[in-house]
1. For the range 116-128, what are the residues that are touching a residue at least 24 places away in the same chain (Cβ under 8 Å) and not β-branched (V, I, T)?
2. Considering every residue within the range 301-314, establish whether at least one is under 21 Å from K277 (Cβ atoms) and crowded, with 16+ Cβ neighbours inside 10 Å.
3. For I74, only one of the following conditions fails: (1) modelled with pLDDT of 90 or more; (2) more than 21 Å from the chain's Cα centre (by Cα); (3) of a type in the set (V, I, T). What is its number?
4. Name, by its number, the condition in (1) in a helix (DSSP H, G or I); (2) in contact with a strand residue (DSSP E or B) (Cβ under 9 Å, 6 or more places away or on another chain); (3) hydrophobic (A, V, I, L, M, F, W, C) that does not hold for M114.
5. Where in the range 29-111 are the helices (runs of 4 or more DSSP H), entirely inside, with at least 2 residues that are aliphatic (A, V, I, L, M), closer than 26 Å to P126 by Cα and touching a residue at least 12 places away in the same chain (Cβ under 8 Å)?
6. Considering only residues that are over 19 Å from the mean Cα position of the chain (by Cα) and at pLDDT 70 or above, which ones fall in the range 229-241?
7. When you scan the range 290-297, do you find a residue that is more than 19 Å from I359 (Cβ to Cβ) and surrounded by 12 or more Cβ atoms within 10 Å (Cβ to Cβ), even just one?
8. Which count do you get for residues in the range 267-319 that are hydroxyl-bearing (S, T, Y) and touching a residue at least 40 places away in the same chain (Cβ under 8 Å)?
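The values are calculated or read from the model by the stated rules, or taken from the named source; none is laboratory data. Here the structure is a predicted model, which is why all the values come from computation and not from measurement. Glycine also receives a Cβ, built like all others from the backbone with ideal geometry; neighbour counts cover every protein chain displayed.
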Amino acid sequence: MSIKNLSFKYFFSELTKSTFLFLLGFCFLFILLDYSVRFKWFTHSSIPVLDLFKYYSCNLLSKSYLLLPLALLISFIKVLSHGVISKEILALLTGGMSYKKIFYPFFCFIAINMLFLYFNTELLIPKATTYVTHFEDKFFHGFQKGKKLFKIHQLKLQDDSRIVFKEFHPSSLVLEDAFWIKSFQDIVHIQSLDLSKNPPEGKYVDYLSENSDGLLEKTDSKKSITFSNIKLDSLGFSSLILPPSRQSLSQLYSSLPWRHQAKSDEDAIVLTHFHYKLALPFTLLLAFFGPAPFILSFSRNLPIFYIFSFSLLIFISFFMLLESCLILAESGVIYPPLAIWLPFSLFFAIAINKFRKVI
């Protein structure tokens, strides 16, 4: 076996082992901490072990967009720093191998994991997040109610009126504490609105109208009533059942606004998450190009601790910046493709420029 094949096999196996050990350790800690926090809910709910295993598997799978880049970042630093300290990379360079051939297993490893992330985004994450949502809605509803911050949601209707609501139960398609805003002078408060029925059925309904003083007052009440004039917007309803953050790339692509221009809030959210999910796998390349120049400096005393610390700091800062851009793009403040791809372009330009200077 040639030196090239031996080095490829060695580096690839080391990367695989390091990544697997990190993911295994993180999964164990995550399950241990989460189970300890929700212990009383698990004991009182008598959840089957198989369902519990499926819940944690889906929960961790839905976080792979963050876990995998972090695992690869740590693996790259570990394998590269060991290769520099033990003079393995220097020996390969002295033997006539170029950096291109030495880093070939690293790029193959990145390519495989990028394909996995795209496969995960397209097929696994939508199913995993849906299962997690239904599971938590069924077993942890009381626990989450005490922990969640108050948040307002809205659903657009075909007549351009909106339903503003406090909570949505995906398993039963029920809206809680909903306000159907027909106009500023005509509002309907619905304590529970069942969207699974056709037409939707509301319970404990109050009709509010503007009086002569310009104030809203209750004019009528119903214990139960069907709303035949509530016509759900297809895009808004599909986003309610499966939000863009949980949709696959193909689903987002089919919902993209024409000419890539966001004409409404829903269009901006769809366009934002499409580019966000399209760009996320490229964080694996940043995980390599970021720390590599500092490790390959071949200094006498390689500051591994500082490289680890600085890399983790940059990693966290990058994702915080990306999340900020995601929020700005969803709200329409910044054009979505620009908001998502600009941080990637900036970090890639800095990392690759530094990498080219070292090699």
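1. F116, L117, Y118, N120, E122, L123, L124, P126, K127, A128
2. No; the residues of the range 301-314 include none that is under 21 Å from K277 (Cβ atoms) and crowded, with 16+ Cβ neighbours inside 10 Å.
3. (2)
4. (2)
5. Details: elements: 39-45, 49-61, 64-85, 88-94, 99-102.
Because the criterion is at least 2 residues that are aliphatic (A, V, I, L, M), closer than 26 Å to P126 by Cα and touching a residue at least 12 places away in the same chain (Cβ under 8 Å), the helices (runs of 4 or more DSSP H) in the range 29-111 that meet it are 49-61, 64-85.
6. Step one: of the range 229-241, the residues over 19 Å from the mean Cα position of the chain (by Cα) are 229-237.
N229, I230, K231, L232, listed by residue number.
7. Initially, the range 290-297 is screened for residues more than 19 Å from I359 (Cβ to Cβ), giving none.
So far as the range 290-297 goes, no, none of its residues is more than 19 Å from I359 (Cβ to Cβ) and surrounded by 12 or more Cβ atoms within 10 Å (Cβ to Cβ).
8. Result for the range 267-319: 5.
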